[in-house]
Amino acid sequence: MTDKMTGFIKIERKNYSKRPIEDRIKDFNEIYLPLAEGEMMAQANRCMDCGTSFCNWGCPLGNLIPEWNDLLYMGDWKGAYEKLALTANFPEFTGRVCPALCEAACVLGINREAVSVREIEQSIVERAFSEGWVQPRIPKVRTEKKIAVVGSGPAGLTLADDLNALGHRVTVFEREKKLGGLMRYGIPNYKLDKKIIDRRIDMLKMAGIVFVTNKWVGKEMELEEIKKKYDAVVLSCGTWVPRDLKIPGRELKGIYYAVDYLGQQTKSLEGTMIASEISAKDQTVLVIGGGDTGSDCVGTANRQGAKKVYQFEILPKPSKERDESMP
């Protein structure tokens, strides 16, 4: 293996490969094909273990990235997972759908390709699941304090996991039939297979967390009713209210919010009967917005068999590489 001191010089960044386009547009299966273990260890070797590791600062979780990169380079996969789990509740989620702000902050990215942190993270946690290192966080002592968490998206699940680990009795209320919030109903399966969510939910249940689905707090159950039964209530309801576009023609048929379109597709894949299905099959589609959500709509429309897909974005097209304004 390449020496640690010169790894970033001698080893080029190598990303996960992707399934061929002609195959992946026919289904909603995940598109990425992970690299072999040896290749991921080599990618971890590209990390320079900077004196000032800006990746830590760029990561909203404060992940100890250089530390678990070094452990992985040394072949200590379990140690790398234990270091990762100190700050990341669900690295199998962030390793798939995080915008990887750590990579944008990577010092190596100044004049070379940044370290492939997100893919390394995914590789570590998937190895941990396969080896049985991921275990439910069952508290040794219960406080008997009862806490209600409203919403089962990433924020709600993280709160539930941490509060339960501290010994509190946690109940999560979710208005939908299945858990996961916008991770389930906003992110397409080809980015995040819902089996990944279900696997973690099973772990949280084993840890003692209670989940109540099909219960819309504020509509089917009043918040005051919950406050009487629980010592504390945490609202983690997510961002289900979409932004509208008040322009002439907005009232015409065939114009939909992205969250409704993407959520309906996930429900359809899970076998839910849809009364009035939104389908792009044989249609010419215009997606307004060039962010992640817009891209998800483009990918979904193509997989549904759209005749043609256009995408409008208000901002200039970003460069593929860093320019002089982004050192």
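Entry remark, segment 174-185: residues being among the hydrophobic types (A, V, I, L, M, F, W, C) and closer than 7 Å to SER152 by Cα number 1 in total. In segment 128-151, of all residues being in contact (Cβ under 8 Å) with a residue 60 or more places away in the chain and assigned to a loop (DSSP other than H, G, I, E, B), the one that is farthest from ARG184 (Cα to Cα) corresponds to LYS145.
Take the residues in segment 219-239 that are farther than 20 Å from THR143 by Cβ and part of a strand (DSSP E or B); name whichever of them is farthest from the chain's Cα centre (by Cα). Among those residues, the one meeting the criterion is MET221. Please verify whether segment 297-313 includes one or more residues that are part of a loop (DSSP other than H, G, I, E, B) and loosely packed, with under 11 Cβ neighbours inside 10 Å. So far as segment 297-313 goes, no, none of its residues is part of a loop (DSSP other than H, G, I, E, B) and loosely packed, with under 11 Cβ neighbours inside 10 Å. Within segment 166-197, the set of residues being crowded, with 17+ Cβ neighbours inside 10 Å and aliphatic (A, V, I, L, M) comprises VAL170, VAL172, LEU179, LEU182, MET183, ILE187, LEU192, ILE196, ILE197.
Of the residues making up segment 233-267, those that are among the aliphatic types (A, V, I, L, M) and surrounded by 13 or more Cβ atoms within 10 Å (Cβ to Cβ) are VAL233, VAL234, LEU235, ALA258, VAL259, LEU262. Just checking, how many residues over segment 64-79 are within 14 Å of CYS50 (Cβ to Cβ) and not aliphatic (A, V, I, L, M)? Within segment 64-79, residues that are within 14 Å of CYS50 (Cβ to Cβ) and not aliphatic (A, V, I, L, M) number 4.
Yes or no: segment 160-183 includes at least one residue that is more than 27 Å from ARG303 (Cβ to Cβ) and among the polar types (S, T, N, Q). Checked segment 160-183: at least one residue is more than 27 Å from ARG303 (Cβ to Cβ) and among the polar types (S, T, N, Q).
Report whether or not ARG200 is buried (at least 19 other Cβ atoms within 10 Å of the Cβ), of a type in the set (D, E, K, R), modelled with pLDDT of 95 or more and over 12 Å from the mean Cα position of the chain (by Cα). Yes; evaluated as a whole, the condition is true for this residue.
Sort out which residues of segment 248-292 are closer than 16 Å to ARG303 by Cβ and assigned to a helix (DSSP H, G or I), and write them in order of number. Selection gives ALA258, TYR261, LEU262, GLY263, GLN264, GLN265, THR266, LYS267, SER268, LEU269.
Where helices (runs of 4 or more DSSP H) fall entirely within segment 14-122, those with at least 3 residues that are touching a residue at least 24 places away in the same chain (Cβ under 8 Å) and either surrounded by 14 or more Cβ atoms within 10 Å (Cβ to Cβ) or of a type in the set (Phe, Trp, Tyr) (or both) are at 37-44, 54-58, 65-73, 77-85, 91-97, 101-105. Among the residues of segment 123-147, those identified as touching a helix residue (DSSP H, G or I) at 6+ places or on another chain (Cβ under 8 Å) and either among the hydroxyl-bearing types (Ser, Thr, Tyr) or crowded, with 23+ Cβ neighbours inside 10 Å (or both) are SER123, ILE124, VAL125.
The values are calculated or read from the model by the stated rules, or taken from the named source; none is laboratory data. Note that the structure is a prediction, hence the values are computed from the model and not measured. Every residue, glycine as well, gets a Cβ built from its backbone with ideal geometry; the counts of neighbours run over all protein chains shown.
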